[in-house]
1. Condition first: more than 10 Å from the ligand (Cβ to nearest atom), aromatic (F, W, Y) and closer than 16 Å to V15 by Cα. Now tell me which residues in segment 119-169 satisfy that.
2. Pick from A181, A172: which is at negative phi and in contact with a Pro (Cβ under 6 Å, 6 or more places away or on another chain)?
3. From (1) at pLDDT 95 or above; (2) open to solvent by 60 Å² or more (accessible area, probe 1.4 Å), pick out the condition that doesn't hold for M1.
4. Please go through segment 51-66 and pick out each residue that is near the ligand (Cβ under 10 Å from one of its atoms) and either among the hydroxyl-bearing types (S, T, Y) or open to solvent by 70 Å² or more (accessible area, probe 1.4 Å) (or both).
5. Being modelled with pLDDT of 95 or more, surrounded by fewer than 18 Cβ atoms within 10 Å (Cβ to Cβ) and not charged (D, E, K, R) is the requirement here; does P42 meet it?
6. Between a residue in segment 215-231 that is part of a strand (DSSP E or B) and any residue that is aromatic (F, W, Y) and crowded, with 19+ Cβ neighbours inside 10 Å, which pairs come within a Cβ distance under 7 Å, given they are 6 or more apart or on different chains?
7. Based on what the data block shows, is A172 assigned to a strand (DSSP E or B), modelled with pLDDT of 95 or more, crowded, with 17+ Cβ neighbours inside 10 Å and more than 11 Å from the ligand (Cβ to nearest atom)?
8. Surrounded by 14 or more Cβ atoms within 10 Å (Cβ to Cβ), more than 14 Å from the ligand (Cβ to nearest atom) and more than 18 Å from S19 (Cβ to Cβ): is that true of R94 in this structure?
Amino acid sequence: MTHPSDNDVLGEFLVSARSLAEYRAIFTLSDADLHGRILDCPGGAASFTAEANALGADVTAADPVYARPPDNLRDLAIAETDRGSHWATAHSARYRWDWYGSPQRHREIRHAAARRFGADLSAHPGRYVAAALPSLPFPDDSFDLALSSHLLFTYADRLDADFHLAALLELARVCAGEIRAYPLVDHLGNQHDDLVASLRKELEDKGIRTELRETGYEFHHGANTVLVLRP
Ligand SMILES: C[S@@+](CC[C@H](N)C(=O)[O-])C[C@H]1O[C@@H](n2cnc3c(N)ncnc32)[C@H](O)[C@@H]1O
């Protein structure tokens with residue numbers, strides 16, 4: 001019998017659960033980065049918000065999935081972690097496993113993150129705001145740093161260039177400091193250099209400086225670049 005993940009198309013947006021350690025590696029986060037007001041959008045079931053707030057950071061997560069009842073969301077986080085792990089294992093050749101060590105360790109890290117997210121959702125529901133790009137319910141310049149992991153470019157098969165531009169402009173509106181988006185490949189590992197280049201040009205034309213910054217984290221082969229915006 002085939003599992004849905006054995007196909008070459010990832011179904012619905014995966015509600016994945018990355019940890020603070022993964023966010024630190026992906027976005028090259030320094031301790032200083034964790035001092036300001038931070039937006040994680042999409043937050044998904046990541047434990048970044050829970051873990052960073054526990055260290056004294058001021059992080060808010062935004063994601064449309066937070067409109068679900070908390071019990072349902074906690075269960076979904078675990079089920080989606082299994083779906084993601086199955087997908088990654090079924091397509092293991094697409095990935096570099098050195099950061100994680102093995103598919104098993106990857107699964108353990110994601111499950112721990114999903115559980116931590118679920119506990120934090122109960123303890124601090126106000127940190128999790130139901131909202132969808134490209135329209136966020138935050139005043140201008142509400143944050144000093146915005147992180148966007150695994151929505152833009154990842155789902156370029158269903159989110160078009162106009163959505164990407166509108167989403168990045170919205171992140172730039174609510175964030176006075178850097179916006180960091182990763183990865184710049186889609187969920188099948190395809191590079192989107194033309195989309196990245198055209199978005200950078202349109203952003204620069206609107207006075208938003210952009211930069212491609214290398215990261216030491218690479219899971220999809222070749223996905224070692226972060227798009228950085230500086231409004
Ligand atoms: C692959 S997860 C990434 C979660 C988290 N950033 C991480 O790296 O683990 C993608 C998330 O994007 C969310 N999403 C889908 N459409 C969105 C939109 N228009 N605006 C913001 N988030 C969206 C989904 O609900 C899902 O939780």
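1. Listed by number, the residues that qualify are Y128, F153.
2. A172
3. (1) is the only condition that M1 fails.
4. If the condition is that a residue be near the ligand (Cβ under 10 Å from one of its atoms) and either among the hydroxyl-bearing types (S, T, Y) or open to solvent by 70 Å² or more (accessible area, probe 1.4 Å) (or both), then P64, Y66 are the ones that fit.
5. So P42 fails the test.
6. What qualifies is H220/Y95; V226/F27; V226/Y182.
7. no
8. yes
The values are calculated or read from the model by the stated rules, or taken from the named source; none is laboratory data. As the structure is a computational prediction, the values presented were derived from the model and not from experiment. As a convention, Cβ positions derive from the backbone with ideal geometry for all residues, glycine included, and neighbour counts pool all protein chains shown. Each accessible area value is taken on the protein alone, full model and side chains, heavy atoms only, with ligands, DNA and RNA left out. Shrake-Rupley method; radii C 1.70, N 1.55, O 1.52, S 1.80 Å.
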